[in-house]
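Novice: After the structure tokens below, expect a handful of questions from me.
The values are calculated or read from the model by the stated rules, or taken from the named source; none is laboratory data. Keep in mind that this is a model prediction, so the values were computed, not measured. Neighbour counts are summed over all protein chains in view; Cβ atoms, including those assigned to glycine, are modelled from backbone coordinates with ideal geometry.
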């Protein structure tokens, strides 16, 4: 089973995951563990990119009533290989459960080896997304928004279970209009 890029490992605020239901935008490949952002289509989401605020991390797939879709490999809090592709005929019934808790902690992979850039293996630094499922290892900065760069994740240091990954919590979009 492939490893998710952002694996939920707990929370720093004791709230656990705060799940919200959001609608997929048509023709998107979205997997459990991906970071998502709002699209230009009101109220729908797409995979996150580096220069936009993220809305949350995908925790699962549901139908319009909130019932789990029959994805046999999706289990909350574990790695899954399911990818949901919405098309124009299913986009109105394809929804995601998205973790919007900025206190949720995730084990995250980087797009290069941890420690290649000075400080990327340390706690207390910030990262930018490389894409929806990786952090940009070379983007590490020591303080929030000193360069005008949008930062996405605050590092709590190396993952004690896998030293090739870091533990982070994400900076979420300030206004999240979920359905």
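Novice: Tell me, please, whether a residue that is surrounded by 16 or more Cβ atoms within 10 Å (Cβ to Cβ), part of a loop (DSSP other than H, G, I, E, B), within 16 Å of the chain's Cα centre (by Cα) and at pLDDT below 85 can be found in region 60-73.
Specialist: no
Novice: Now for a separate question. Assess whether residue 130 counts as being farther than 28 Å from residue 14 by Cβ, buried (at least 18 other Cβ atoms within 10 Å of the Cβ), at pLDDT below 95 and not assigned by TED's automatic domain parsing to the domain that holds residue 29.
Specialist: yes
Novice: Also, quick follow-up: In this structure, does residue 125 turn out to be at pLDDT below 90, over 16 Å from residue 49 (Cα atoms) and part of a strand (DSSP E or B)?
Specialist: no
Novice: Which members of region 109-124 meet the condition of being touching a strand residue (DSSP E or B) at 6+ places or on another chain (Cβ under 6 Å) and within 10 Å of residue 156 (Cβ to Cβ)?
Specialist: 123
Novice: Considering each residue of region 1-17, count those that are surrounded by fewer than 18 Cβ atoms within 10 Å (Cβ to Cβ) and assigned to a loop (DSSP other than H, G, I, E, B), and give that number.
Specialist: 8
Novice: When residue 78 is evaluated against the numbered criteria (1) exposed (fewer than 14 other Cβ atoms within 10 Å of the Cβ); (2) closer than 24 Å to residue 11 by Cβ; (3) at pLDDT 70 or above, which criterion, by number, is the only one it fails?
Specialist: (3)
Novice: Name the residue that is surrounded by the fewest Cβ atoms within 10 Å (Cβ to Cβ), counting only residues in region 18-32 that are at pLDDT below 90 and not in a strand (DSSP E or B).
Specialist: 27
Novice: Let me ask another. Inside region 92-122, can you point out the residues that are within 12 Å of the chain's Cα centre (by Cα) and either outside any strand (DSSP E or B) or free of Cβ contacts under 8 Å to residues at least 24 places away in the same chain (or both)?
Specialist: 100, 101, 102, 109
Novice: On to the next question. Among (1) outside any strand (DSSP E or B); (2) assigned by TED's automatic domain parsing to the domain that holds residue 37; (3) modelled with pLDDT under 80, which single condition is residue 84 missing?
Specialist: Answer for residue 84: the failing condition is (1).
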